[in-house]
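Here the structure is laid out as structure tokens; the discussion comes afterwards.
The values are calculated or read from the model by the stated rules, or taken from the named source; none is laboratory data. Just so we're clear, the structure is a prediction, and the values are computed from it rather than from any experiment. Cβ sites come from the backbone with ideal geometry, for glycine too, and all protein chains shown count toward neighbours. SASA here: full protein model, heavy atoms, side chains in, ligands and nucleic acids out. Shrake-Rupley method; radii C 1.70, N 1.55, O 1.52, S 1.80 Å.
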Amino acid sequence: MTNSVRKAPKIIAIANQKGGVGKTTTTINLGAALAEKRQRVLLIDLDPQGNASTGLGVSSDQRDITTYDLLSGDATLQDAIQSTSVKNLSIVPATTDLSSADIELIDNEKRSFLLKNVLNHTDKTASQFDYILIDCPPSLNILTVNAMVAADSIIVPLQSEFFALEGLSQLILTVRDVRQSANPDLRIEGIALTMYDRRNNLSLQVEDDARENMGDMVFKTVIPRNVRLSEAPSFAIPVLEYDPTSKGSLAYRALAKEVIEKSKKKGTTRHGT
């Protein structure tokens, strides 16, 4: 297939300003599940903690070229991409260098568009992929804004806990601001309930509240609390490789199926509606 007829990648930011909600876990395992379904996936680690990079087996001494180099213009996308142990899944790793981005980019008038320019849909490297997943930091800083400006849509991992919806409202306001100022086509792909325990009344209540308030925006799939899901990062592989039959693996496969079905309905070309 020639590049002229190749569909542009679907770019999805995985974002929530709260930490510990399963954001990186979702990025890694959704990426692995999409890759398992023969989708070509690029994961961009935009979190200075670099947990997605570690979780996919990229050690600190393997991170010579990172997302920091991309944003600073010192490297191209092609330079920065690394393969992983997962077939069809590649990554651009991150280091703590990213933590200084807010300060270093303060005087750059185009600071919110740096990642968008790197992932421009005419770029031959980006067009090799079906999906590009961006793991955002747990804050609404310039890095998260870059991801939102570059993305077609956002997946919001929502922990099944008290006050979860309260934090979601802040994120939605940021999405509206980005729509008005920089990316009018940005939309919320879906809300993924994480760390879900059907035996816990609070999880059930959060799910009921989320579906009542957000409707079809909430994915049908819920991600359960699962020991295997928690253990997999310590082995630097996705749960789909660590324990393919675990409840966590089954859930992320189901979530990937929903994401692909949504993409087919809305079209996978850049700025598809």
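What's the number of the condition residue 60 fails, among (1) small (Gly, Ala, Ser); (2) open to solvent by 10 Å² or more (accessible area, probe 1.4 Å); (3) touching a Pro at 6+ places or on another chain (Cβ under 8 Å)?
For residue 60, the failing item is (3).
If the Cβ limit is 6 Å and pairs must be 6+ apart or interchain, which residue in segment 49-73 that is among the aromatic types (Phe, Trp, Tyr) pairs with which residue that is open to solvent by 10 Å² or more (accessible area, probe 1.4 Å)?
If the second residue must be open to solvent by 10 Å² or more (accessible area, probe 1.4 Å), the pairs left are 68/97.
Assess whether residue 18 counts as being more than 20 Å from residue 224 (Cα to Cα), open to solvent by 10 Å² or more (accessible area, probe 1.4 Å), part of a loop (DSSP other than H, G, I, E, B) and among the basic types (Lys, Arg).
no
Scanning segment 152-190 for residues that are part of a helix (DSSP H, G or I) and hydrophobic (A, V, I, L, M, F, W, C), which turns out surrounded by the fewest Cβ atoms within 10 Å (Cβ to Cβ)?
Among them, the one singled out is 173.
Take the conditions under 15 Å from the mean Cα position of the chain (by Cα), open to solvent by less than 30 Å² (accessible area, probe 1.4 Å) and either more than 23 Å from residue 154 (Cα to Cα) or β-branched (Val, Ile, Thr) (or both) and apply them to residue 92. Does it pass?
yes
Where in segment 196-267 are there helices (runs of 4 or more DSSP H), lying wholly inside it, with at least 2 residues that are within 16 Å of residue 31 (Cα to Cα) and charged (D, E, K, R)?
Because the criterion is at least 2 residues that are within 16 Å of residue 31 (Cα to Cα) and charged (D, E, K, R), the helices (runs of 4 or more DSSP H) in segment 196-267 that meet it are 247-266.
Quick one: would you say residue 213 is in contact with a Lys or Arg (Cβ under 9 Å, 6 or more places away or on another chain), more than 24 Å from residue 10 (Cβ to Cβ) and open to solvent by 40 Å² or more (accessible area, probe 1.4 Å)? Walk me through it before giving the result.
Details: in contact with a Lys or Arg (Cβ under 9 Å, 6 or more places away or on another chain): no; more than 24 Å from residue 10 (Cβ to Cβ): yes; open to solvent by 40 Å² or more (accessible area, probe 1.4 Å): yes.
No, not satisfied.
Mind counting the residues in segment 127-140 that are open to solvent by less than 40 Å² (accessible area, probe 1.4 Å), touching a helix residue (DSSP H, G or I) at 6+ places or on another chain (Cβ under 6 Å) and of a type outside the set (Ser, Thr, Tyr)?
Number of matching residues: 5.
Got a sec? Which helices (runs of 4 or more DSSP H) wholly within segment 39-126 have at least 3 residues that are farther than 20 Å from residue 12 by Cβ and not β-branched (Val, Ile, Thr)? Show your work before the answer.
Numbers: elements: 51-55, 67-72, 77-80, 101-104, 114-118.
Output list reads 67-72, 101-104.
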